[in-house]
Every structure is written in C-alpha cells, then in structure tokens.
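One structure is given here, and the rest of the page talks about it.
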Amino acid sequence: MRLTVATAAVALFSVPFILLLIFVMSSFAPLNDFDESVAHRLHAYALAHPGYARFLNVATEVLGPNVWRALVVMAAAWFWFRGARRLAVWAVVTITVSGLLNLAVKEIVHRARPALPDPVSWAPGASFPSGHAMGAATGTCVLVLLLLPYLRSWTSRIALWAAAAVLTVFVAYSRVALGVHWFSDVVAGIALGVVVVAGIAAGFESWRRSEGRRPVEPHKEGVEPEVS
C-alpha cells in the first residue's frame, strides 16, 4: 500500500462514513427503518437464546476498546524498548486519535441508542459511531501493521488480515445483536477506524520519505519493515 493507495483507502472508507453521518444527522427515514428492522430481528433472536446473549455480552467486553488500546500500548512499549521508537509513537498516536475522534463525533451527533423491550445488555453514552467497532477496526489494523514485517509468506499475511477482519466484524455484529447499537453505527465505526489508520499511516510514510527511506507497501510489509 503505497502513499497513493493509503490515500485512496482514506477516500474509499470516508465515503460510507460521511454518507451515514449525513443520513443520521438528517434522520433519513429509509436508514432509520432499516436500522430498526435489523435491531428488532436480532434482539428477538437474543431474547429467544439467553445463552447466546450471555456469550455475546462476555465477548463484547473481552474485545472492547480498552482491550485493544492495552494491546497496542503493550506492543508499542515492546517496540520502544527494542529501539523502534518512531513505530511505537505511530501505534500509540493512531489508537489515541481513534478513541478521541470517536468521542468527538459521538458528542456532535448525539444519537440515541436503541430502546428495545426487555434489553439483554446496556451501554452508556451516545450511539454513533460505535466505539467497540471503531476500536476493533483500529486496534486490529494497527496490530497487523506492526506484525507484518515478521511474516514472509503471502499466505500468512492474508491469514492475519482475514483474522483482523473476522474479529472486527464479529465485534460489530455483537453490538447490534445485543441491542446497544444500530447497524449504521457499527458500519460507521469500522469505516472511521480504517480512515484513521490509513490516514496516519500515510502521514508516517511521508515522514519516512522525507528522511530518504525507501517507499514501502504497508499492507504487505507494515509501516516500518526495517524492524524485522
């Protein structure tokens, strides 16, 4: 992923986020109807399967935003003490910006969470975008980009990206299934999380080039392949 590809990724994932932001803030009826339909359908299933609901409640905590932040900070500390301090700073800045941006957008939009009968879970604060989905998207992408320099085969790289995608989608699904987010909340969270990672990775690549380092393809090599 060269700088131009990173920029393209920012543009690509910005589009669904911006559209959803506009639709949510304007109370776009078709989106609201779709969100409510999905929420009620998944909520009915959760009510009918309490064991499944308990599993999702545990999983959504185990894979919550604070867990991803802790993992990224621990990874950054490891790289810092190995001398890869610029890479460590990139990781911490990315996960921090993601969290702060999520809070800022929630405060601006101030969308109410679903109010479903007989709720199987509860969450405080505003709903858009999902902090869990955004945290998972950001956290998994950062960790993948940190690990890629140590992987030599295409198979292992694809498997790592696939695992990140599966985890992110599962976290997003769990938030909707538990009735604490609308479907559009989690899609927006994932999109904005990817935008943050790609945008800061693009800036990091510009920094590398300004120092005369060779161009890299982060989606294949990570943002600082020399660490391996």
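How many residues does the range 158-208 hold that are in contact with a His (Cβ under 8 Å, 6 or more places away or on another chain) and more than 22 Å from residue 52 (Cα to Cα)?
Final tally of qualifying residues: 2.
Of all residues in the range 176-201 being among the small types (Gly, Ala, Ser) and over 17 Å from the mean Cα position of the chain (by Cα), which is farthest from residue 104 (Cα to Cα)?
177
Looking at this structure, is residue 9 in contact with a His (Cβ under 9 Å, 6 or more places away or on another chain), surrounded by 14 or more Cβ atoms within 10 Å (Cβ to Cβ) and outside any loop (DSSP other than H, G, I, E, B)?
yes
Of the residues that make up the range 140-162, is at least one modelled with pLDDT under 95, surrounded by fewer than 18 Cβ atoms within 10 Å (Cβ to Cβ), of a type in the set (D, E, K, R) and farther than 21 Å from residue 18 by Cα?
yes
Hey, could you check the range 103-130 for residues that are touching a Gly at 6+ places or on another chain (Cβ under 6 Å) and within 15 Å of residue 184 (Cβ to Cβ) and say which is surrounded by the fewest Cβ atoms within 10 Å (Cβ to Cβ)?
In this case the residue turns out to be 114.
Please identify the pairs in which a residue from the range 33-55 that is in a helix (DSSP H, G or I) has its Cβ atom under 9 Å from the Cβ atom of a residue that is at pLDDT below 95 and among the acidic types (Asp, Glu), counting only partners at least 6 apart or on another chain.
From the range 33-55, the pairs are 43/118; 47/118.
Suppose we filter 90, 68, 80 for residues that are in contact with an Asp or Glu (Cβ under 9 Å, 6 or more places away or on another chain) and surrounded by 14 or more Cβ atoms within 10 Å (Cβ to Cβ); which single one remains?
Being in contact with an Asp or Glu (Cβ under 9 Å, 6 or more places away or on another chain) and surrounded by 14 or more Cβ atoms within 10 Å (Cβ to Cβ) holds for just one of 90, 68, 80, which is 90.
Being more than 19 Å from residue 79 (Cβ to Cβ), assigned to a helix (DSSP H, G or I) and in contact with a Lys or Arg (Cβ under 9 Å, 6 or more places away or on another chain) is the filter here, so list the residues in the range 130-152 that pass it.
If the condition is that a residue be more than 19 Å from residue 79 (Cβ to Cβ), assigned to a helix (DSSP H, G or I) and in contact with a Lys or Arg (Cβ under 9 Å, 6 or more places away or on another chain), then 131, 132, 133, 135 are the ones that fit.
Scanning the range 163-182 for residues that are out of contact with any Lys or Arg (no Cβ under 9 Å at 6 or more places or on another chain) and either of a type in the set (Lys, Arg) or not in a helix (DSSP H, G or I) (or both), which turns out surrounded by the most Cβ atoms within 10 Å (Cβ to Cβ)?
That would be 175.
Of everything in the range 183-204, what is of a type outside the set (A, V, I, L, M, F, W, C) and crowded, with 24+ Cβ neighbours inside 10 Å? Give them in sequence order.
Residues satisfying the conditions are 184, 185, 189, 193.
Give me a count of the residues in the range 77-119 that are without any contact (Cβ under 8 Å) to a residue 40 or more places away in the chain and more than 30 Å from residue 27 (Cβ to Cβ).
Qualifying residue count for the region: 10.
Condition check ((1) closer than 19 Å to residue 183 by Cβ; (2) under 21 Å from the mean Cα position of the chain (by Cα)) across all residues:
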site	(1), (2)
101	no, yes
108	no, yes
113	yes, yes
117	yes, no
134	yes, yes
138	no, yes
143	no, yes
147	no, yes
150	no, no
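Residues in the range 14-23: is at least one over 18 Å from the mean Cα position of the chain (by Cα) and loosely packed, with under 12 Cβ neighbours inside 10 Å?
The answer is yes; a qualifying residue exists.
The values are calculated or read from the model by the stated rules, or taken from the named source; none is laboratory data. What you see is a predicted model; the values in this text were computed from it and never measured. Positions of Cβ are backbone-derived with ideal geometry, glycine not excepted, and every protein chain shown enters the neighbour counts.
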